[in-house]
Structure formats: C-alpha cells, structure tokens
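The values are calculated or read from the model by the stated rules, or taken from the named source; none is laboratory data. If you're wondering where the values come from, they're calculated on a predicted model, not measured in any experiment. Reconstructed Cβ throughout: ideal geometry from the backbone, glycine too, with neighbour counts over all protein chains shown. Just the protein is used for accessible areas: all its heavy atoms, side chains included, with ligands, DNA and RNA removed. Shrake-Rupley method; radii C 1.70, N 1.55, O 1.52, S 1.80 Å.
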Amino acid sequence: MPDSRPILFFDSGVGGLSVLAPTRRLLPNAPIVYAADSAGYPYGTRSEAEIAARVPALLGRLAERYRPRLIVIACNTASTIALPAVRAALDLPVVGTVPAIKPAAERSRTRVIGVLGTDATVRQPYVDDLAERFAADCRVLRHGSAALVALAEARLRGEEAPSEAYRAVLSGLLDQPDGDRIDVIVNACTHFPLVSDRLAEAAGRPIRFVDGGEGIARRVAYLLDGAEWPDSPVPGEAVFTGPGVDTESLSPALVGYGLIQIKTL
C-alpha cells in the first residue's frame, strides 16, 4: 500500500518553496505539507535564543499533527541555530539547509565569494566553520539583508520591486573591500533563489548565484529511496501558523508549487 505520510517542509515564510520545487521534480508523487511560521516571521531579525526555543517546539507540534515521514527545515537561519536540537527531539529524519559555501568555492575563479543571507545566518559560527573547511583559500565576504527577504515574499504575492531595490541589497556585498572581485554569491537564505534572476540583473556584471536547493532535494530523495508513493500527485497543503497572511495574493504562487489547500493553524 502507498504510504500517505507527507514530507513536511518548514520555513518562517515562503522561502522554502525554493527547496520544495527541486524536491517535487525528483519525487513528483510525494504528499507535501509546507508549514510557514508566519507567527514568527521573519527569523532573520530574531535572536538566536528565540529561534532555538521556538523551532524545536513548533516542529514537535507539527510532527505530532501531520506525522511526516521526513522533515526538511528549508530555512538557513533555523537550520544553523536549531537543527541539532530538532534532530535530538524527533524520532524521524530531519534534513537541514546550510549555506552553499563549498560549491561556491569550487566555482570561483577570483577566489572572492559573497555570502548573502539574513543577519542571523551570516553571523553564525557555523558559517565560519564552513568557510574554514571549504573556502580556506578564498576571501569570504558576508552581508545580511532583511530587505531581500521582504522583496522575495512580495514577489510571491505578485508585487515586483524596481531594480534599484536589488542593487541596494547587493551594494552591501559589492561595496566592501574586494567586493569588486566577487564572482560567485551564495544565496544563504532560501528566500533568495526566488529572486536570483533579479539579483543577477541588478549586479551589472557576470556573477554566479548558487544555493543548496538541488543538493537538499537529492538528499531527501536518497533518504526516501524505496518509499512507496501514491500512483499520481496529490494536492499539497500550505499551513501558516498565524493570522494576517495575505493568502489570497499568495494563492496563485502556492498553486504553482502544487500547494492547493491553504490553512491557518
């Protein structure tokens, strides 16, 4: 019998859709629940203590409610801060999201790479460790931007911002010393691949943007190899943890990702 337990994707907002999309391509018939912690959004401006307390408790409740076969924390900030605690608390596979510094270093010719994330992510010791392990011969510049998270959320609601807004975000990296030598930028927030085309356009010169979405999808498919799925795709469910979300504006984008049912907890 096909197993109807879903894969549960988790983020503070809609950024995790950039991880859901490549996973859908590999596992098109997998039941999906996408949980957005809209009551706690945005994580990038919260303290580490807040995130460390909130995420494991919330994922525990979501796991009890939906009984997923696997959880994807499709949020760099939550992963870099709370992933070990979540794994310790839940008796099921949990896949996290980490900045794609290794592939960025492998692709860089100038040996100067940028890391574009939230304020909370770019200051994490975990990012220091990744840079030391995989980009020791590179200069790694970082910039945290809450504004870019908001731009990605707005785009999913059908609101396009002018190029100047994206140039202002990129200036936080490119105007740093040696920023003019950056040839690869890590989108270290799952929101940012949703606007990578706008970032590339605003950069004004050839810069490659990389993220971990495809790698995470492959990891999920590997862990679920041999699983029995329904014979055809089933409608996915999007769940928001708090009121005030403009689900009417988001609905067309969510449907495009296979999330037909929209609920608020």
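Observations
- The residues neighbouring SER163, those whose beta-carbon lies less than 12 Å from its own, together hold a net charge of -2 under the Lys/Arg +1, Asp/Glu -1 convention.
- Using the 1.4 Å probe convention, the accessible area of the chain works out to 43 Å² per residue with neighbouring protein chains retained.
- Sum of side-chain charges, VAL245 neighbourhood, beta-carbon under 14 Å (Lys, Arg +1; Asp, Glu -1): -3
- Theoretical gain in end-to-end length, ALA53 to GLU159 [0.36 nm per residue, Cα-Cα removed]: 34.9 nm
- Counting charges near PRO103 (Lys, Arg +1; Asp, Glu -1) among other residues having Cβ under 12 Å from its Cβ returns a value of 0.
- Considering helices alone, the calculated mean residue ellipticity of the chain at 222 nm is -13000 deg cm²/dmol, with DSSP H runs of length four and up weighted by -39500 (n - 2.57) and normalised per residue.
- Highest-first packing order for the peptide set 32-41, 229-238, 70-79 is 70-79, 32-41, 229-238, based on the mean count of other beta carbon atoms within 10 Å.
- Listed peptides 169-176, 241-248, 5-12 by packing density, highest first (mean Cβ within 10 Å): 5-12, 169-176, 241-248
- Exposure rank, largest accessible area first [ARG123, ARG69; 1.4 Å]: ARG123, ARG69
- Amide H contacts under 5 Å for ILE185, placed H, 5+ residues apart: GLY114, ARG208, PHE209, VAL210
- For THR264, the residues whose modelled amide H falls within less than 5 Å of its own, excluding neighbours fewer than 5 places apart on the same chain, are PHE240.
- Estimated D of the range 97-204 in µm² per second, where Rh is the Kirkwood radius over Cα pairs and Stokes-Einstein applies at 20 °C, 1.002 mPa s: 154 µm²/s
- Selected from THR45, ALA150, LEU92, residue furthest toward positive end of dipole (the range 38-161; charges at beta carbon): LEU92
- The Cα atoms of the range 174-265 define a convex hull whose projected area, averaged across directions, is 9.4 nm².
- Beta bridges per DSSP with both ends in the chain, % antiparallel, nearest 5: 0 percent
- Here the chain has 50 percent of its accessible surface on carbon and sulfur atoms, given a 1.4 Å probe and all protein chains in place.
- The Stokes-Einstein estimate for the range 33-90, based on a Kirkwood radius over Cα pairs and taken at 37 °C with 0.692 mPa s viscosity, is a diffusion coefficient of 283 µm²/s.
- Cα-based radius of gyration for the range 138-190, normalised by 2.2 N^0.38 Å, reads 1.23.
- Length added when fully stretched, ALA89-GLU106, from 0.36 nm per residue minus Cα-Cα: 2.7 nm
- Cα extents for the chain along the principal axes, largest to smallest and rounded to whole angstrom: 56, 38, 36.
- Accessible surface of ARG219 - all protein chains present, 1.4 Å probe, nearest 10 Å²: 110 Å²
- Relative to the 2.2 N^0.38 Å rule of thumb, the range 1-148 has a C-alpha radius of gyration ratio of 1.10.
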